[in-house]
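S.K.: The structure is given below, and queries will be raised subsequently.
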Amino acid sequence: MQIQVTVNGKTRKSEVEDRTLLVHYLRDQLHLTGTHVGCDTSSCGACTVHVDGVAVKSCTLLAAQADGCAVTTIEGMAIQDSPTTSQLHPLQEGFKECHGLQCGFCTPGMIMTAADLLKHNPNPSEAEIREALEGNICRCTGYHNIVKAIQWAATHSTKPEPNQQEEPVVADEHLFTNDVTTGEVVETH
Amino acid sequence: MSNKFIGQSVKRLEDKRFLTGKGRYTDDINLPGMLHAHFVRSPYAHARVQSIDTTEALAMEGVVAVFTGDDVKELNGVPCGWQVNFRNGETMREPKHPMLIATGDTAKHVGDPVAVIIAETKSIATDAAEAVMVEWEELPAIASPADALKPGAPKVHDQYPDNKAFDWTFGNPVEEVDAAIESAAHVTTLEFVNQRVVPNAMEPRAYIGHYDTVSDKYTLYTSTQNPHLIRLLMCAFVLGIPEHKVRVVGPDVGGGFGSKIYHYTEEALVTWASKQLGQPVKWTSDRSEAFLMDAHGRDHVTKAEMGFDADGNITGLRIKTIANMGAYLSTFAPAVPTYLHGTLLQGVYTTPKINIDMTCVFTHTVAVDAYRGAGRPEATYLLERLIDLAALEMGKDPAQLRFQNFIPPFDGVTQPGYQTQVALQYDSGNYHPVLEKGLEMLGYDDFRQAQKEAAQSNKLLGVGISTYIEACGIAPSAVVGALGARAGLYESAQVRVQPTGKVSVFTGSHSHGQGHETTFVQVVADKLGIPMEDVELVHGDSDTVAFGMGTYGSRSLAVGGSAIMKSIDKVLEKGAKIAAHKLECAEGDLEYGNGKWTVKGTDKSIGFGDVALTAYVPHVYPAGLEPGLDFSSFYDPANFTYPFGCHIAVVEVDKETGKVTLKRMIAVDDVGNIINPMIVEGQIHGGLAQGIGQALLEGTIYDENAQLTNGSYMDYCMPRADDLPMFETANQTTPCPHNPLGVKGAGEAGAIGSTPAVVNAVIDALWSGGHQVKDILMPLTPERVWRAMN
Ligand code: FES
Ligand code: FES
């Protein structure tokens with residue numbers, strides 16, 4: 001079926017299978033691979049994105065259900081992020097400042113969940129942060145520095161609008177450049 | 001030379017790509033013409049394949065191939081990398097771990113694969129799996145290692161009717177230990193289970209095999225902790241393909257914790273299938289498969305006895321353990337309960353007599369192998385539970401009982417290392433102050449007062465101490481070789497100074513969250529006196545990095561970092577020759593610092609960049625010296641390193657419900673010198689969470705048919721943010737005397753010390769309320785704790 005979704009500010013018209021999950025649509029069709037899959041029971045939160053401004057686990061939603069919606073993924077969170085200029089979202093800064101990530105696999109989901117929390121509760125307590133993260137599993141950090149990262153972001157928030165531009169990711173395989181995808185590719189003509 | 005970066009909490013250089021969604025994990029990579037694999041797996045823990053019919057699946061649109069066991073009969077099984085023979089000399093039993101179970105053969109655990117579907121999309125491959133008809137004859141199965149040893153137990157491998165993989169004894173002669181225990185004034189006996197847990201790295205395993213028909217070369221992208229080791233095992237032992245025709249890439253990897261060390265069948269199969277089909281083949285595990293197929297950890301059943309004299313000095317330790325190996329021997333599996341466990345039973349105590357008797361058994365479960373800490377958490381659990389319980393039984397203070405039995409301090413430089421009763425020689429140690437520091441952070445005396453008051457209320461308070469030691473920096477090759485390792489455990493590094501003075505460092509270590517791209521760069525920048533921006537770390541690709549043994553056993557900095565230091569020394573040595581020539585002085589007149597060679601006592605100097613350029617543009621150049629400034633080194637450690645520390649847990653136990661709340665978790669760790677305190681602290685945090693997880697939340701549950709009944713995040717209880725407190729950490733520094741950086745390793749410490757601290761705390765709480773229980777089975781669920789009180 002045909003769907004139309006605004007992803008990180010860009011309108012996409014796509015043909016999807018009825019059963020395609022939103023997370024697979026983002027990863028496999030749009031090559032937005034920052035959204036991860038960590039489980040098959042909607043329990044880990046690695047796939048969290050915003051749909052119409054609300055954090056949802058994109059493995060619980062069909063792509064078809066996102067028809068007509070605005071989706072923001074981790075690739076759309078930075079205020080500005082191109083190879084030449086970059087200004088990250090306060091949460092992205094906070095995770096770096098506080099060492100809130102190790103392997104980075106849970107990180108996009110953590111940030112998307114935390115962004116939703118801060119929208120509704122700009123100054124959460126430690127307990128409120130821990131409760132908000134209940135649906136997101138991190139195996140590396142023990143959550144201590146994730147909590148601190150979110151606290152950091154809460155005190156450094158400049159209320160930014162997420163970036164609506166992504167830039168191409170270029171691969172380094174021993175193949176012709178034209179052959180490979182390892183992330184979202186923006187076609188230029 | 002003063003350090004600018006070493007010792008600083010430099011923010012991680014690798015973070016930005018992960019924070020902006022540009023991390024590149026294996027499943028993020030898509031190659032043109034790529035096919036997708038899906039495995040048909042045994043739904044039974046033990047069942048014979050009577051027939052397989054793939055006709056219908058093959059006929060489905062989009063299905064490219066279906067391979068069964070009969071197609072891969074020629075391939076070897078995945079090998080085991082460590083041989084531990086029976087105590088009577090009989091060779092370790094090493095049943096073949098086949099790629100796919102062939103018709104007539106038996107599947108030996110749930111998930112054992114019988115066929116692999118290769119299709120144009122993942123969903124077609126998954127659908128086609130439903131159309132593969134397998135006729136199974138279900139057979140009796142066994143999951144408990146203790147039951148597997150009972151007469152008449154179902155056999156895992158028909159040729160080994162007693163289900164034993166090997167048995168093993170270690171330490172002082174058992175008669176001496178028996179005598180020590182028998183003559184003890186007090187003996188504390190504990191029978192317990194160190195339950196099986198699932199590593200659960202958040203990135204599920206993923207592989208892409210890509211055979212390139214033009215170059216006749218294979219590329220394997222794999223979520224691994226050690227790309228070169230996978231290449232060696234796969235080429236030499238499984239597929240029999242030439243190593244120089246294979247490139248193995250471990251791109252960004254989402255956590256490992258041991259589970260991504262091993263060579264898995266799926267890895268070899270996608271590589272093999274890619275050649276059969278002439279197209280790349282990808283397989284990504286889903287979480288349910290990960291629960292069934294990733295190597296698990298722990299799974300010991302133990303009887304432990306610790307003897308004390310009338311003054312409370314430990315006189316002997318006698319251990320009898322059964323360890324579950326699973327159905328097949330995984331890569332490092334035989335080493336875990338033996339040389340990574342039995343050798344740590346000295347702990348930090350002066351115990352004069354120690355003996356362990358270990359039986360390693362096959363069961364109808366997936367393989368057990370190293371999981372964060374690997375053997376050392378099991379040894380620490382055993383020792384620290386015993387000593388805490390002994391204190392309760394003898395009415396002594398658990399901290400004092402430890403102080404009294406600690407090995408006295410030794411620095412390994414002016415004083416010799418400490419020779420244990422179980423083969424190892426500790427490098428340097430100072431155990432008393434870490435416990436003192438932990439007690440101070442806790443406010444021990446005040447705590448005991450609060451505990452007394454709480455005993456009258458509905459919420460009991462308890463404190464649990466654990467003073468651990470571990471053997472890291474794995475390992476001196478000759479030593480491990482003598483103990484059965486089939487590999488050397490050195491590391492390699494190349495430091496390539498570019499003509500402009502920029503530096504590329506190639507390491508055989510592999511980062512899957514540990515932050516090597518920052519820590520290693522800090523070291524190199526400081527040692528060369530150049531900015532961190534001028535240094536780049538390259539890892540994870542067998543085509544760019546000459547060789548490597550990878551990252552596990554807290555070895556990256558201690559072994560990989562030492563290899564880098566060797567190459568830096570060579571760079572500086574050759575650089576000095578060039579500098580001396582340019583400055584027209586003797587090499588001996590030069591000193592190096594702040595990125596330049598200076599003639600001692602003068603202001604005549606030449607910078608690192610100028611020397612680098614001269615090395616590549618050798619117009620004015622020492623006679624007979626080769627151009628270039630690029631050095632490789634291999635570093636084989638002289639000894640293990642021995643980090644140690646003290647973990648203290650404070651818990652509250654609800655008398656009505658049995659619910660345990662972890663109120664405080666204190667960790668004082670001595671990991672030797674520290675390069676990046678922020679990263680070390682992060683490693684400790686993560687380890688603590690895993691250790692606490694084992695104590696309170698995690699554990700596999702098998703039913704009577706050896707089916708894993710909690711193989712998903714709905715059922716297997718992972719530690720979540722609201723299960724844990726903020727951690728309180730501190731460090732002590734006792735440098736490692738035998739490696740150039742003085743570092744000991746920090747990756748596993750958290751997971752080693754914390755588990756017994758938490759369980760001890762719960763037992764302590766119960767005793768304070770008058771419930772003199774010796775043990776509660778982990779994980780300490782409310783029900784189990786409540787039952788222990790009622
Ligand atoms: S992948 Fe969506 S919750 Fe785990
Ligand atoms: S950083 Fe690795 S899972 Fe969270």
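The values are calculated or read from the model by the stated rules, or taken from the named source; none is laboratory data. All figures in this text were calculated on a predicted structure; none of them were measured in a lab. Cβ coordinates were reconstructed from backbone atoms using ideal geometry, including for glycine residues, and neighbour counts include every protein chain displayed. Just so you know, the surface numbers come from the protein's heavy atoms only, side chains and all, with ligands and any DNA or RNA stripped out. Shrake-Rupley method; radii C 1.70, N 1.55, O 1.52, S 1.80 Å.
S.K.: Give me the 1.4 Å probe accessible area per residue for the protein assembly as shown, excluding ligands and nucleic acids, in Å².
M.R.: I get 34 Å² per residue for the protein assembly as shown.
S.K.: Find which of B:A45, B:G21, B:V84 sits farthest along the positive direction of the dipole of segment B:1-107, computed with +1 on the beta-carbon of Lys and Arg, -1 on that of Asp and Glu, about the Cα centre.
M.R.: After comparing all options, I get B:G21.
S.K.: I've got another one for you. What relative contact order, as a whole-number percentage, does chain B give when Cα pairs under 8 Å and 6 or more residues apart are counted?
M.R.: Answer for chain B is 15 percent.
S.K.: If packing is taken as the mean number of other Cβ atoms within 10 Å per residue, what is the order of A:127-139, B:84-96, highest first?
M.R.: Peptide ranking by packing, descending: A:127-139, B:84-96.
S.K.: Count, for each residue of B:637-649, the Cβ atoms from other chains sitting within 10 Å of its Cβ, then give me the mean as a whole number.
M.R.: 0
S.K.: While we're here: Of B:K4/B:K582; A:K13/A:K57; A:K119/B:K122; A:K13/B:K22; A:K10/B:K260, which ones are farther than 26 Å apart at the Cα?
M.R.: As for pairs spanning more than 26 Å Cα to Cα, those are B:K4/B:K582; A:K119/B:K122; A:K10/B:K260.
S.K.: Kindly state, to the nearest 0.05, the FRET efficiency for B:S457 paired with A:T60, given R0 = 60 Å and r defined as their beta-carbon distance.
M.R.: Here the calculated transfer efficiency is 0.90.
S.K.: Residues in segment B:309-325, backbone N under 17 Å from the label point at B:E191 (7 Å along the Cα-to-beta-carbon vector): list them, ranges by number please.
M.R.: B:318-323
S.K.: For a quick check: with amide H placed at 1.01 Å from N, whose amide H comes under 5 Å from B:V246's, ignoring anything fewer than 5 positions away on the same chain?
M.R.: Residues meeting the criterion, in which the H sits 1.01 Å from N, are B:Y218.
S.K.: Place a point 7 Å from Cα of B:R448 in the direction of its Cβ. Which residues in segment B:306-324 have their backbone N less than 19 Å from it?
M.R.: Of the residues in segment B:306-324, B:311-313 have backbone N under 19 Å from the label point off B:R448.
S.K.: Just grab the label-to-label distance for A:R12 and B:E243, each label 7 Å out from Cα along the Cβ direction, in nm (one decimal).
M.R.: 4.3 nm
S.K.: Would you pull out the residues with amide H under 5 Å of B:Y44's amide H, same chain only if 5 or more places away, H placed 1.01 Å from N?
M.R.: Those lying under 5 Å, H to H, from B:Y44 are B:G111.
S.K.: In addition: Where the only charges are on Cβ atoms (+1 Lys, Arg; -1 Asp, Glu), what is the dipole of segment B:490-635 about its Cα centre, to the nearest 20 debye?
M.R.: Here segment B:490-635 has a charge dipole of around 200 debye.
S.K.: Would you kindly derive the ³J(HN,Hα) couplings of segment B:83-96 from the backbone phi angles with the Karplus curve 6.51 cos²θ - 1.76 cosθ + 1.60 (θ = phi - 60°), listing them in order in whole Hz, with x for Gly and Pro?
M.R.: 10, 10, 7, 4, 5, 8, x, 4, 5, 3, 7, 10, x, 4
S.K.: On to the next question. In segment B:472-550, carbon and sulfur make up what percent of the accessible area (probe 1.4 Å)?
M.R.: 55 percent
S.K.: Given labels modelled 7 Å from the Cα in the Cβ direction, how far is it in nm from B:Q415 to B:D569?
M.R.: 2.7 nm
S.K.: For the protein assembly as shown, what class follows from the C-alpha gyration tensor (a ≥ b ≥ c being the square roots of its eigenvalues): rounded when a/c is under 1.5, otherwise prolate if a/b is larger than b/c, else oblate?
M.R.: Note, shape of the protein assembly as shown comes out rounded.
S.K.: So, one more: Can you give me the distance in nm between label points at B:E626 and B:K774, each placed 7 Å from the Cα along the Cα-to-Cβ direction?
M.R.: Inter-label distance under the simple model: 6.5 nm.
S.K.: Additional query: Which residues belonging to segment A:56-89 lose at least 20 Å² of 1.4 Å-probe accessible area when the assembly is complete, relative to their chain isolated?
M.R.: A:I74, A:E75, A:D81, A:L88
S.K.: When the Karplus curve 6.51 cos²θ - 1.76 cosθ + 1.60 is applied with θ = phi - 60°, which whole-Hz ³J(HN,Hα) does each residue of segment B:288-300 get, with x for Gly and Pro?
M.R.: Working through the residues one at a time gives 4, 5, 4, 4, 7, 10, 5, 4, 8, x, 6, 6, 10 Hz.
S.K.: Something else about it: For B:F170, what accessible surface area do you get with a 1.4 Å probe? Give it in Å², rounded to 10.
M.R.: 40 Å²
S.K.: Which Rg and Dmax, in Å, describe the Cα atoms of segment B:162-293?
M.R.: Cα-based Rg and Dmax for segment B:162-293 come out at 22.0, 75 Å.
S.K.: What is the set of long-range amide H partners of A:L21 at a cut-off below 5 Å, with H atoms built 1.01 Å from backbone N?
M.R.: A:A63
S.K.: Starting at the first residue of segment B:481-496, write each ³J(HN,Hα) from the Karplus equation 6.51 cos²θ - 1.76 cosθ + 1.60 with θ = phi - 60°, in whole Hz, x for Gly and Pro.
M.R.: After applying 6.51 cos²θ - 1.76 cosθ + 1.60, I find x, 5, 9, x, 5, 9, 9, x, 10, 7, 9, 10, 8, 10, 10, 10 Hz.
S.K.: Moving to a separate point now. What number, in percent, do you get for the relative contact order of segment B:490-635 if the mean sequence gap of Cα pairs under 8 Å and at least 6 apart is divided by its residue count?
M.R.: 33 percent
S.K.: Counting only protein heavy atoms and rolling a 1.4 Å probe, how much accessible area do A and B lose on contact, total for both sides, in Å² to 100?
M.R.: 5100 Å²
S.K.: Tell me, how many Å apart are the Cα centres for segment B:331-370 and for segment B:505-534?
M.R.: Cα centroid of segment B:331-370 versus Cα centroid of segment B:505-534: 34 Å apart.
S.K.: Answer with one residue from A:C69, A:V51, B:T467: the one whose Cα lies farthest towards the positive end of the charge dipole of the protein assembly as shown, charges on Cβ with Lys, Arg +1 and Asp, Glu -1.
M.R.: B:T467
S.K.: With +1 assigned to the C-beta of every Lys and Arg and -1 to the C-beta of every Asp and Glu, and no other charges, what is the dipole magnitude of segment A:2-156 about the Cα centre in debye, to the nearest 20?
M.R.: For this selection, approximately 180 debye.
S.K.: Could you work out the helix-only [θ] at 222 nm for chain B, with each DSSP H run of four or more residues adding -39,500 (n - 2.57) and the total divided by the number of residues, to the nearest 500 deg cm²/dmol?
M.R.: -8000 deg cm²/dmol
S.K.: Still on this model: What is segment B:490-635 by shape, rounded, prolate or oblate, if you read a ≥ b ≥ c off the alpha carbon gyration tensor as root eigenvalues and call it rounded for a/c under 1.5, prolate for a/b larger than b/c, and oblate otherwise?
M.R.: Prolate is the answer for segment B:490-635, as a/c is 1.5 or above and a/b outweighs b/c.
S.K.: Over segment A:2-156, calculate the relative contact order: mean separation of alpha carbon pairs under 8 Å at least 6 apart, over the residue count, as a percent.
M.R.: It comes to 24 percent, rounded to a whole number.
S.K.: Tell me, what % of the accessible area of segment A:2-156 is carbon and sulfur with a 1.4 angstrom probe?
M.R.: 49 percent
S.K.: Name the shape class, rounded, prolate or oblate, that the alpha-carbon gyration tensor gives for segment B:569-719, where a ≥ b ≥ c are the square roots of its eigenvalues, rounded holds for a/c under 1.5, and otherwise prolate holds if a/b is larger than b/c and oblate otherwise.
M.R.: Here segment B:569-719 falls in the prolate category.
S.K.: Give me the lysines in straight-line cross-link reach of B:K452: C-alpha distance below 30 Å, same-chain residues under 8 apart excluded.
M.R.: Cα-Cα hits under 30 Å: B:K396, B:K437, B:K655, B:K659, B:K663, B:K774.
S.K.: Within 10 Å of each Cβ in peptide B:710-718, how many partner chain Cβ atoms are there on average? Round it to a whole number, please.
M.R.: Going residue by residue through B:710-718 and averaging, the value is 3.
S.K.: Distance between Cα centroids, segment B:729-760 to segment B:48-80: provide it in whole Å.
M.R.: Distance between centres, Cα-based: 47 Å.
S.K.: Once each part is reduced to its C-alpha centroid, what is the distance from segment B:562-583 to segment B:91-158 in angstrom?
M.R.: Here the two parts' Cα centres lie 56 Å apart.
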